[in-house]
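Written below as structure tokens is the structure these notes are about.
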Amino acid sequence: MLKNTLIVPETDSLLAAKMIRESIDALDVILMFIFGKSAEAKQAVEWSDKLCEKTRISEIRNMRKVVWVRDTEASPIRKMLDPIIGTGTAPLAVVLNFYDKKMGEIPVGAEFDPLILEALFLKGHQS
Amino acid sequence: MKDYRIVRFMLFFLMPSTGAHAINFESILLYRLGENDYRQSQTDILVTEIDEKIGIEWNEADLSTQLGIERGLIAKGESLLQRIDFLRKVTSHFFTANVYLQELKAADAQLQVERSEKKALNKISELEGTRDAASDKFSREALAGIELVKEGSKNLDLLQDKTLSISLYDALNDAVFVGYEEIAKVTGRFLAVEMDRLKEELSKRTKEGESINVYMSAQIHSAGTLRALHLEGYDDITVGLPVPFARFQIAVAERTKRELEAAESLGSLIKDGNKLLKEVEAAVRAVRDQISALGKAMKIEALDGNLRNLEQSLLESADTTVGPLIEKVKEARNRIQLLTKAPEFSATGDAAILIEIAGQLQTTVWDLRFVAQSAAREITSLVDELEQRIQALPSAISSQSLTMLRSFSESLKNDSEVAQVFKRMDEIVTALGLSNQVATSVLETSKAGRIALADEPLDTWLDLLTAGERHPGDMILIYAKVTSKHENEKEITISETRQRIQLRVVGFYVETRGALFFVDPRGGGFVGQNFEPAVSLSYMGHVGSRHGTFWNSWLNPGLGVSLTLLDFEVNHDIELGLSASLTVLNDFLYVGYGRNLQVKTDFFYFGINPLVFSELLGQRRSSR
């Protein structure tokens, strides 16, 4: 079960865009965006969700969060994402720091494992 | 004097020592004081609470590595050492990252509380800054560890054992879900495996019958005396029940008793300097006479002549194996010569010098006893060896000479005359009332060896609660020594170090102190009674600071009341003075104003703590 992941809906792109916006606007959170529906993306979500546990402070407070965006092509979603990832193909994962600044990414097709994902999260801890 | 006691012994390694500072203890010894850790430092004085438990941890990985390199058993570039170094660094990064993560969580929790309470923007901004700094620190430390692991897994020379590199990486990929404490534990486990390999490797390369020993001892230096303390696993000193420091001490402590005794002695010296000068001079003469008596009792002149003849005949013998025997004879001669030398004392009327001489006399008597006992042991050992070799060296060892030496050896074992001489010397110096207790108590310290790299950790602790009487400002001295020993050979010190830890009390506390006041009556007809010495008991209140080293260790002002035994008038048997006292320098200097309750006269005074005074003299002596 995913405890720290927001799964953005595929069927309602307007709602998806709104949820992404709200996630970005949330204060004091390091966001890990995972893009796509591939097996790699599913694996990255599962691992990243577990990696969030070590920064849990209480039942309701965790400074790390995962946002899984399965559909990256819908126009309202791109409008939200383009300022972060640019106009090209979405990478596998991107991390934003407390101030919504992109701090690192894992491109599609690159090898990754829990340590590499943790390292990406750690980049998000920097200002 | 107790001998070093080896509690465990294991075959290990040895090569010739290159000096006593070969090991860098700063990276090996760690002191845990409360919630803080401090590295070993010869020069810095650490500070701890008076009831604290002091943890002492050895970095055995570093100790083994340094020893292996120092003893020439392992080359600096060997892959085993590189792997250990690599794992140490990785473990250290993850361990520190875990500490920083806890700081980050605390900072974030505080920020969330302030946000929920809608505090002022500048307050929020300040907390954000704290949180960001903690987050950044955590990130950089953890990333450094992960980058090192990634780099290490690529480096085939570094990770020659591929099984290790793969399994370490896999293990870390599992541990990273749990947290940084778990990651540090995993790397620590891999480090332990490599350490076992290093031990095994070093054991293979060492000579049989050789060992490396680690010795540790702890002492408390309090008011001029040294007392041995128990270090778990290193000695068998009995510990008392845990007793917290009494913040309001009304009972007269042992230190206070010593201070009162010293004040009385010093007061007598000052009141009647000429009489005491004569007593000290007489004591010096008496000790010299006893040294002469010792020479006669031990038949030193005849013995020396006998040994001289023996040395000569051994030198003239054609036997080439007598070299060590000649050395032994020479050593015995040198030793007994020391027993004939009386020390030079230049007595003057100065009270300080008199106290110093009294202390020196005590030390001299102690030294003489030690030398006499050593000489007796050496002569006995020499006789045993001569008896074994008399058949092989009939021309060099005459039976007459051997008989005389044997008779001397026997007489030393049973002779009460020598014991009587020392008893008389003790009586002479004890009569002076002042002694150098430090010199003797140092030798009471029990010391035990532990084998470096044995299975049991070298870590230990010292519980101050069970350390007996202790006071703010007292110093704990921790000694550590690493030695090498081959069976049948002398133990060689590879390296040694010392750490000083000062005790402190934070907040208000009251202690009893003994002092010598110089009292000046105010008013009345007390002509000729200017600043007469008087013994005083004081109850002094102090306030210890958490951060002020200068305040606690040096200035440490005190305010309190003093009871003084006065003697303003001859027609009063008891005159008690009650006064207000102000002290500085850890109750070394006193000043105050009070009233003689019986004579009903005020008095002004200044005073000193004589124990601190004689301690300073003791330090001056030991620094020569």
Inset, instruction - State yes or no: is residue B:607 over 30 Å from the mean Cα position of the chain (by Cα) and of a type in the set (Gly, Ala, Ser)? - result: yes
Legend entry - Looking only at segment B:84-101, and only at residues there that are among the aliphatic types (A, V, I, L, M) and farther than 19 Å from residue B:60 by Cβ, the one that is surrounded by the fewest Cβ atoms within 10 Å (Cβ to Cβ): B:99
Legend entry - Flag for residue B:112 being assigned to a helix (DSSP H, G or I), over 25 Å from residue B:36 (Cα atoms), within 14 Å of chain A (Cβ to nearest Cβ) and among the polar types (S, T, N, Q): yes
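Listed here are the residues, each with its yes/no results for (1) under 27 Å from residue B:261 (Cα atoms); (2) surrounded by 17 or more Cβ atoms within 10 Å (Cβ to Cβ).
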| position | (1), (2) |
| --- | --- |
| B:489 | no, no |
| B:501 | no, yes |
| B:507 | no, no |
| B:537 | yes, yes |
| B:540 | yes, yes |
| B:552 | yes, yes |
| B:556 | yes, yes |
| B:563 | yes, no |
| B:569 | yes, no |
Inset, instruction - Answer with yes or no whether residue B:81 is in the same structural domain as residue B:191 (by TED's automatic domain parsing) and within 40 Å of the chain's Cα centre (by Cα). - result: yes
Inset, instruction - State yes or no: is residue A:122 without any contact (Cβ under 8 Å) to a residue 12 or more places away in the chain and either within 14 Å of another protein chain (Cβ to nearest Cβ) or under 13 Å from the mean Cα position of the chain (by Cα) (or both)? - result: yes
Inset, instruction - Return the only residue of A:114, A:107, A:76 being within 13 Å of chain B (Cβ to nearest Cβ), touching a Leu at 6+ places or on another chain (Cβ under 7 Å) and touching a residue at least 12 places away in the same chain (Cβ under 8 Å). - result: A:114
Legend entry - Residues (in a helix (DSSP H, G or I) and more than 11 Å from chain B (Cβ to nearest Cβ)) located in segment A:40-73: A:40, A:41, A:42, A:43, A:44, A:45
Legend entry - Checking residue B:136 against (1) under 30 Å from residue A:59 (Cα atoms); (2) outside any helix (DSSP H, G or I), the condition it does not meet: (2)
Legend entry - Leading residue by the ranking (nearest to the chain's Cα centre (by Cα)) among those in segment B:29-78 that are more than 18 Å from residue B:220 (Cβ to Cβ) and of a type in the set (Asp, Glu): B:44
Legend entry - Breaking point among (1) touching a Leu at 6+ places or on another chain (Cβ under 7 Å); (2) within 17 Å of residue B:250 (Cα to Cα), for residue B:543: (1)
Legend entry - Residue that is farthest from the chain's Cα centre (by Cα) [pool: residues in segment B:509-532 that are closer than 24 Å to residue B:255 by Cα and surrounded by 21 or more Cβ atoms within 10 Å (Cβ to Cβ)]: B:519
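Here's the yes/no breakdown for (1) modelled with pLDDT of 85 or more; (2) closer than 30 Å to residue B:40 by Cβ; (3) outside any loop (DSSP other than H, G, I, E, B):
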| residue | (1), (2), (3) |
| --- | --- |
| B:480 | yes, yes, yes |
| B:509 | yes, yes, yes |
| B:534 | yes, no, yes |
| B:550 | no, yes, yes |
| B:571 | no, no, no |
| B:581 | yes, no, yes |
Inset, instruction - Could you check how many residues of segment B:133-184 are more than 7 Å from chain A (Cβ to nearest Cβ), modelled with pLDDT of 90 or more and more than 44 Å from the chain's Cα centre (by Cα)? - result: 1
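The values are calculated or read from the model by the stated rules, or taken from the named source; none is laboratory data. None of these values were measured; they are calculated from a predicted model. Reconstructed Cβ throughout: ideal geometry from the backbone, glycine too, with neighbour counts over all protein chains shown.
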